[in-house]
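A.B. asks: Can you keep this structure in mind? I'll have questions shortly.
The values are calculated or read from the model by the stated rules, or taken from the named source; none is laboratory data. Since the structure is predicted, the reported quantities are computational estimates derived from the model, not experimental observations. A quick note on method: Cβ atoms are made from the backbone with ideal geometry, for glycine too, and the neighbour counts reach across all protein chains shown. Side chains included, ligands, DNA and RNA excluded: accessible areas come from the protein's heavy atoms. Shrake-Rupley method; radii C 1.70, N 1.55, O 1.52, S 1.80 Å.
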Amino acid sequence: MSVVTFEDKLTIPEGVTDHASFRAWACSDQFPERGRVSWLAGEIWVDLSPESLFTHNQVKGAICITLGRLARRSRLGYFFHDRTLLSHEGAGLSTEPDGLFIAYDSVRAGRVRWVKGAEAEIEVEGTPDMVLEVVSKSSRRKDTKTLRKLYWDAGIAEYWLVDALSGEA
């Protein structure tokens with residue numbers, strides 16, 4: 001794959017040619033801090049659109065706060081949100097969902113593992129128990145078609161797909 005630049009804001013390095021090289025880039029300091037970039041079954045998906053405040057950010061925030069508190073209080077597992085890299089080798093997937101839940105039992109059983117970077121854990125590898133995606137105008141096809149299939153292929157038991165756009169004026 002050659003160097004690809006999107007809107008002069010994001011450059012995909014020349015060496016990113018497969019899932020392994022994408023994951024290495026995604027875990028590096030060179031990976032963009034803004035926008036969404038995913039590896040989806042052999043394709044790099046890029047979205048540089050800003051997040052809608054009311055139909056995405058507020059919806060995602062309310063769900064993540066609630067599920068985060070529930071996970072902590074129930075002592076069932078971990079709830080992660082925003083900028084959590086999830087990778088599944090068998091499904092050919094590396095993406096940052098809006099949220100994901102991992103039961104302590106899933107960690108103990110080896111269904112998920114933490115990938116450590118230079119200083120801390122930076123990636124979830126394997127099959128979480130639940131994944132959350134909040135639909136945006138720019139992500140509708142990815143969320144409703146592509147990720148639905150890939151999360152199924154990854155063996156994820158629950159896929160929460162939230163679409164607050166239908167009431168948008």
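A.B. asks: Take the solvent-accessible surface of the protein heavy atoms, probe 1.4 Å, and return the percent of it on the chain that carbon and sulfur atoms account for.
C.D. replies: Exposed carbon and sulfur together represent 51 percent of the surface.
A.B. asks: Next question. Measure off 7 Å from each Cα along the Cα-to-Cβ vector at Ser74 and Glu121, then give the distance between these two points in nanometres to one decimal.
C.D. replies: My value for the distance between the label points is 1.9 nm.
A.B. asks: If you plug each phi of the stretch 140-156 into the Karplus form 6.51 cos²θ - 1.76 cosθ + 1.60 with θ = phi - 60°, what whole-Hz ³J(HN,Hα) values come out, in order, with x for Gly and Pro?
C.D. replies: With the stated coefficients, the stretch 140-156 comes to 3, 5, 4, 6, 8, 10, 4, 5, 4, 5, 5, 5, 5, 4, 7, x, 6 Hz.
A.B. asks: If you don't mind, another one. Roughly how many Å² is the accessible area per residue of the stretch 69-169, as a whole number, for a 1.4 Å probe?
C.D. replies: 56
A.B. asks: Test of understanding: extend the Cα→C-beta vector of Ser49 to 7 Å, then name every residue of the stretch 136-169 with backbone N under 17 Å from that spot.
C.D. replies: 136-148, 161-169, by backbone N distance to the label point.
A.B. asks: Please say if the chain is rounded, prolate or oblate, where rounded means a/c under 1.5 for a ≥ b ≥ c the square roots of the C-alpha gyration tensor eigenvalues, and otherwise the choice is prolate for a/b larger than b/c and oblate otherwise?
C.D. replies: Oblate, because a/c is 1.5 or more while a/b does not exceed b/c.
A.B. asks: For the chain, what is the calculated [θ] at 222 nm in deg cm²/dmol (nearest 500), taking -39500 (n - 2.57) for each run of four or more DSSP H residues and dividing by its residue count?
C.D. replies: Estimated from H runs of four or more residues: -6000 deg cm²/dmol.
A.B. asks: Checking the table Lys116/Lys149; Lys9/Lys137; Lys9/Lys142; Lys9/Lys149 against a 25 Å threshold on Cα-Cα, which pairs fail? Before the final figure, lay out each step's value.
C.D. replies: Working: Lys116/Lys149 28 Å; Lys9/Lys137 20 Å; Lys9/Lys142 21 Å; Lys9/Lys149 29 Å.
Beyond 25 Å: Lys116/Lys149; Lys9/Lys149.
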